[in-house]
Amino acid sequence: MAPNPFPNLFSPISIGHLTLRNRIYSPPHAPGFTDRFFMPSERAIAYWEAKAAGGTAMVSSGVTPVHSSAIRVVPFDNPRFCEVYGSAAERVRAHGARFVVQLWHGGAQVGMGTRWAPSPYATPSEWRVAHAMDKAEIKDVIAAFGRAAARVKEAGCDVIEIHGAHGYLLTEFASALSNHRDDEYGGTLENRARFVAEVIESVREAVGSEFTVGLRFSADEFVDGGLTIEESQEMLARFSAQGKLDYLDISVGNYHTEETIIAPMYFPLGAFVHVAAAIKEVVSIPVIAVGRIKDPAQAEEIVANGYADMVALNRAIIADPEFANKAREGRSEEIRWCLGCNEACWGRSYMGLAEGIACVVNPHLGFERETSLVPAEHRKRVVVVGGGPAGLEAARVAAERGHSVSLFEKSESLGGQLNKAAKAPLRVDLADCVRYYSGEMARLKVDVHLGSEASADSVLEAAPDAVVIATGSSPALPPDVPGLESARVHEVREVYDGLEELGERVLVLAGEGHQQALSTAELLADAGRDVEVVSPQRFCGHEIERNTVVMLYPRLLSKGVRLTPMSWVRRVDGRSVTLVQIYSGGERTVEVDDIVVAAGGRANDGLAADLLGRVPEVHLIGDALAPRRLLYATQDGCRVGRSL
Amino acid sequence: MGTSATEANLLEEVALGPVRLRNRLAFLAPTPAHGGTDDEANLPTEELARYWEAVAAAGIGLIVGEHQSVHPTGTSHPRVVESGPATPAEPLIGRYTKVTEAVHRCEGRIFAHLYHPGLLANPGYRLLPLWAPSALRVPVGAPVPAGGGAIGHAMSEAEIAEVVAAFAEAARRAGAAGFDGVEVDAASGYLLAEFLSPATNRRNDAYGGGLAERCRMVVEVLAAVRAAVGTELAVGVRLGPDPYVEGGLAEDGLPEVAAFLSAPGGIDYVSVVPGLVPDAAAPEAAGSQTASAVARAAGVPVLYSGLLTDLSEAGTLVAEGGLAVLDVTRAALADPGLVTKLLSGGPSFFRPCVACNQTCTTRASQAAMAPASCLFTPLPSGADGAPNRFGDDRSLLVVGAGLAGLEVARLAAGAGFMVTLLEAGPEVGGQLRLAARAPRRARLGRAIQFYEDQLAQWGVEVALDQPATVETVESLDPDFVVAATGCLPDRPAWSTATGGADERPGRGASGLPITDVRAVLAGQATLGRRVVLAVSHTESGYVSLAAAEFLADQGHEVWLVTPDFEPAGMVDFFTSEAAYRRLLKKGVRIEPTCEVEGVTDGLVLFSNVFSGEAGSLPADGLVLAQGGVADDALYRALRGLRAGVLAAGDCVAPRDMEGAISDARLVMAELALACRSGETAGRR
């Protein structure tokens, strides 16, 4: 057995009276697997359990509201609370991990009905002005934290983490940005800290000195007038000295700077570790760091250098619950990397995911039990045509289950459209998906043929028991644009290998509302082109999750890209393009050298039609079934791989 | 008042094929969301049975129920019932039997509403591709659904047959569960409508091309449904135009389609629905002419669905328009006593639908997915029945006659309190009265009329032009006080303006007149030709669009500057779509992602919130739409001096109509508790 490659990361640590087996924490986040009473469902418990089984030392629940101003029915008052949360804790402990419950009040940022806050304050994204709490209401909420804490202990959970971060109620009291009170709860730093201190006190009172209690805190809000590292050092040093906390979970941001809370791939790795390090300098209790930590070597360095005592890996473990096991066993190259795309986790509402989060690279997420891979009853010869993410996932799952799999890819590389998408500015993390699958193909000994365009004949020659057609989509132009053929038109994917062909002025037609049009616009602007993006939607990039789009827009605008929403093309006449404003009917003509169209493409399903009836099983997946997003490619691939 | 001759025909019996309805009034479920969650996902629930029972008990003649998805590729949410063959027949049929039995007990009739949403499905629920006639996405101009509107999978003939069979099986189950009829949804941009529309159907096989080809799938579904249910159930088809879609199925194309579909003789009626949900700006009886044309062409009875908020003229739609059944869903949601009042023939106070589209359409169709209700009436039950008179003649003072104060006064008087309502201004209605002055939104004012009638009926003492102070309250010394003092217009720090609905507009340091939206809507703003409307993040309601249109109608050149991606983000899609069209056609310009930062000589200064780039607009006036600040000074002062002081509405925190109404109900609950526990009121 090889020596542990990450000795610091995998050394145990004491937090309060508990000993944790390593330094890896799955921090609080709400996957949305709750019933209508906001109680975690079986899916939630299986979800947490998978992380514990995967080697994580400590696993946290998501936000759990303590007071009826935040939610109609408080979970802690639910008669099933102890049964459900106790069961979660037991199942997590059974795998050697510890279970944390995060106590929370959403303040002005989140809540059903009227929001409560220290002052009449409103925040993105709903901008609902809050009700300024009076003293009675303050006392009530503090008491509610205490009652909730008592229930957590009663249920047999291991740790309480008080949510004092991310701009919710506690941050709102601590921060001069949101707290404009002139009583003892506002004004000076000590006054602003008072509410948080009283909540900590109330919790500690309720659970006694031997229960592990931590505080999550936004040690920099990144907003003028908000909490700074210096202020946070002072506040947290006080809390540490008061001796009622066992650890600090140091995060950043509030809803004005939400992109720092769930940082998209545009942020460098470990973007906020320095904040945790600054806090660690002034406190005597363990400190946890978070934010774009996705690689075990990176995590090892953070702990080894003393920047933090533990690392919180949220999305990295969402993408691969076995992260810790793989790292500890020297199998880091088998880790399925988080891309930082936020599309199906934080951005799930944009994808219409009605039942909680998903992950574009982890199709098992949320269905850990249902989709665990069962070995195949009969070993089949499986031919997968197409080495994009759909085909790769199908091949991976089929091979993992014991089938004999060959994969044919027309081009010289695996990855499909991901290879192009990863070339867009600051989107290189997308290539980690290809890196993972390439490794899996090798590990699982899938017979990969690159530079091999499959035909019906070549497939039949392989005498397969099952064929998976994952041949993706071809560039296609949108219908109903009169005169489009008279211009120099390129489908968006073609641009990534052929930039030099484009003239000075480029018009990008955003027939889809996600990343393609805007990322490509940025690529073109970086290459010195004069770019205008036209979209029929109310605003360009309508489907891009908020944290990503608020970072993309400043770059696009500062690079001179012009965004023209609520518009489409009336007609094209060579270099002249007449645009129409959809609501007013007003027209405007522009002169352009080239038109780049991002409209989704045409399914390449011809091979499926040719093979139907000539092989025992034909499955059509991914863009070849209908051109869609990455999530559907991996979901389709996994589903088919499991069904073979 | 009373039932006119025109209203009388609404109460006549009418037949739709084999089914006799006790009157011509129908309730069409506005949303699909009636299924359950947890282990009841995609199945009808007990809650659903109670919901429809209440509607039937209220006297509605025909219920066309919630959307039932017939195929997994069409099921968008756990609360959508899926009734096709992929679902086991039990417990589905057993649960629906409870629904139909409940409706029949109340002498109502209920049809099963079967659909497949096609490109409008949310693929994020089942993670399946969208099925459609052609591999296109939702056309430009149509609503973009949750999950973004992906390119559809062009259905093969085998897949078409699969969906036809799914409709038939769902219909068979509906018959087995006791439904009186089946309505096949070929409207609203759903799958069957996508086959009918040339904009979405580009097939060149037997299912695409000319009229007959595009109708083929619908014809097959109707035939299969008829074969499945026999002749004792009514079978109908729902038709409607494409909304705003170039080259789509327009209103004038519907009669031809209806004639074609009814020619084979297998359908008993046609429902005609609008392309988009009508909003407050839509004319009364919008689309009824089209429905009448369909009635003439189809030769079968027509159910008209559009906008009926005032039933006094609805009878002419029957008598002269040739329409058999009228969709009165929204009128019935607003006033569950609707039918009783029509039947009684005596004087009646109809609580009016004002077509605000909030809880019946918006909240119901968002991710939270709830059954449709009315903002003013939480459940379709007889909420106005004899209330519990726990007030027992205690005195209650309400300060402020905006929506929250009016609702508290009405409910409290009904609960037996002696209510006095003090209003600082000359009229009741608060911000709602201003909202009703927005162009095309006069309907909102009917809510105020309703409250005035209610206050008179319940004997509430109303004192206008009576600002209340601590002294006023002390001298009246009521048992309870409810502060409903609303909110003041918020001002950005750089603005030196004064100005509200009842104050004169101020001028900034530059001399540029600065006022706010309330003054504009009150008609008290004096502005030059070019006006910039400076919107804040906290103002995401309709008011910025209202003021912009008001000014445009007066001939001003208007720029609407908002720091958000779009203004009025809280407004429902249908209302804002219609407003955008009007505003932009009237030349209003929208400058998104920009925040106004100040004024200088004749210029309004702003910067882009993303790039920081500064800009300016020459202007002759600036209108602030900056949200509100709770006007709670009186409330906080009284709380320190007296017991029994409560608050409702914007003075708690500035919100919306729903906030005001729900606060009023919370106040009633607190009053009930206080009265029962014998809490001492009055001075501390």
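Worth pointing out:
- With Cα atoms, 0 to 90° folded angle of helix A:42-53 axis to chain A main axis: 90 degrees
- Charge dipole of segment B:489-629 (Cα centre as origin; +1 on each Lys and Arg Cβ, -1 on each Asp and Glu Cβ, all else neutral): 420 debye, rounded to the nearest 20.
- DSSP bridge pairs, the protein assembly as shown: antiparallel proportion in percent, nearest 5: 25 percent
- Sulfur and carbon atoms: percent of accessible area, chain A [1.4 Å]: 51 percent
- Looking at segment A:3-159 alone, DSSP beta bridges between its own residues are antiparallel in about 25 percent of cases.
- Aspartates and glutamates whose Cα lies under 13 Å from that of residue A:423, excluding same-chain neighbours fewer than 8 positions away: A:432, A:494, A:497, A:522, A:526
- Between the residues B:304, B:146, B:27, the greatest Cα displacement towards the positive end of the dipole of chain B, with unit charges on the Cβ of Lys, Arg, Asp and Glu, is found for B:304.
- When the square roots of the Cα gyration tensor eigenvalues are ordered a ≥ b ≥ c, the ratio a/c for segment A:376-516 is 1.5 or more and a/b exceeds b/c, which makes its shape prolate.
- Estimated FRET transfer efficiency (residue A:134, residue A:578; beta-carbon r; R0 51 Å; 0.05): 0.25
- Reachable lysines, given that their alpha-carbon falls under 25 Å from the alpha-carbon of residue A:135 and they are not under 8 places away in the same chain: A:244
- Interface residues of segment B:102-142, defined as those with an accessible-area decrease of at least 30 Å² between the chain by itself and the complete set of protein chains (probe 1.4 Å), are B:124, B:125, B:127, B:129, B:137, B:140.
- Modelled spin-label separation between residue B:457 and residue B:669, with each label point placed 7 Å from Cα along the Cα-to-Cβ direction: 2.5 nm.
- Heavy-atom accessible surface of segment B:5-365: percent carbon and sulfur, 1.4 Å: 54 percent
- Vicinal HN-Hα couplings computed from phi for segment B:292-305 (Karplus, 6.51 cos²θ - 1.76 cosθ + 1.60; Hz; Gly/Pro x): 5, 5, 5, 4, 5, 6, 8, x, 10, x, 10, 9, 9, 10
- The long axis of helix B:157-176 is offset from the longest Cα principal axis of chain B by roughly 80 degrees.
- Where labels lie 7 Å past Cα in the beta-carbon direction, separation of residue B:206 and residue B:494 in nm: 6.8 nm
- FRET efficiency, residue A:182 to residue A:143 (Cβ-Cβ, R0 30 Å, nearest 0.05): 0.80
- Under a model in which nothing but the beta-carbon of Lys, Arg (+1) and Asp, Glu (-1) is charged, chain A shows a dipole of about 1000 debye around its Cα centre.
- Between residue A:596 and A:490, A:507, A:508, A:509, the built amide H atoms are under 5 Å apart, and every one of these is 5 or more places off in sequence or on another chain.
- Less than 5 angstrom separates the built amide H of residue B:487 from those of B:631, all sequence-distant by 5 or more or on a different chain.
- Amide H contacts of residue A:61 (H built 1.01 Å from N, in plane; Pro and chain starts excluded): A:100, A:101, A:102 sit under 5 Å, all sequence-distant by 5 or more or on other chains.
- Sparse packing (at most 16 other Cβ atoms within 10 Å of the Cβ) combined with a DSSP loop state is found for the following GluC sites (Glu not before Pro) in segment B:195-232: B:232.
- Placing R0 at 56 angstrom, the Cβ-Cβ distance between residue A:455 and residue A:558 gives a FRET efficiency of 0.70 after rounding to 0.05.
- Residue among B:11, B:282, A:540 farthest towards the positive dipole end of the protein assembly as shown, charges placed on Cβ: B:11
- Full-extension gain in nm, residue A:444 to residue A:463, via 0.36 nm per residue minus C-alpha separation: 4.8 nm
- Per residue, chain B exposes 35 Å² of accessible surface when a 1.4 Å probe is rolled over the protein heavy atoms with every protein chain present.
- Straight-line reach from residue A:51: taking Cα to Cα under 23 Å and skipping same-chain neighbours fewer than 8 places apart, the lysines in range are A:153, A:294, A:326.
- Dipole magnitude of the protein assembly as shown, debye to nearest 20 (Cβ charges: Lys/Arg +1, Asp/Glu -1, about Cα centre): 1020 debye
- Under Karplus coefficients 6.51, -1.76 and 1.60, residue-wise ³J(HN,Hα) of segment B:448-454 in Hz, glycine/proline x: 5, 4, 4, 5, 4, 5, 5
- Estimated distance in nm for a label pair at residue A:610 and residue B:256, the labels positioned 7 Å out from Cα along Cα-to-Cβ: 4.1 nm
- Helix axis angle, A:515-526 relative to chain A longest principal axis, alpha carbon, degrees: 80 degrees
- Positive-pole candidate from A:568, B:638, B:568, dipole of the protein assembly as shown, charges at beta carbon: B:638
- For segment B:332-339, 3J(HN,Hα) per residue [Karplus equation, 6.51 cos²θ - 1.76 cosθ + 1.60, θ = phi - 60°, Hz, x = Gly/Pro]: 6, 5, 6, 9, x, x, 3, 5
- For the chain pair B and A, the buried solvent-accessible surface (1.4 Å probe, both sides summed) amounts to about 4400 Å².
The values are calculated or read from the model by the stated rules, or taken from the named source; none is laboratory data. Note that this is a predicted model, so its numbers are computed, not measured. Reconstructed Cβ throughout: ideal geometry from the backbone, glycine too, with neighbour counts over all protein chains shown. Ligands, DNA and RNA are excluded from the accessible area calculation, which covers all protein heavy atoms including side chains. Shrake-Rupley method; radii C 1.70, N 1.55, O 1.52, S 1.80 Å.
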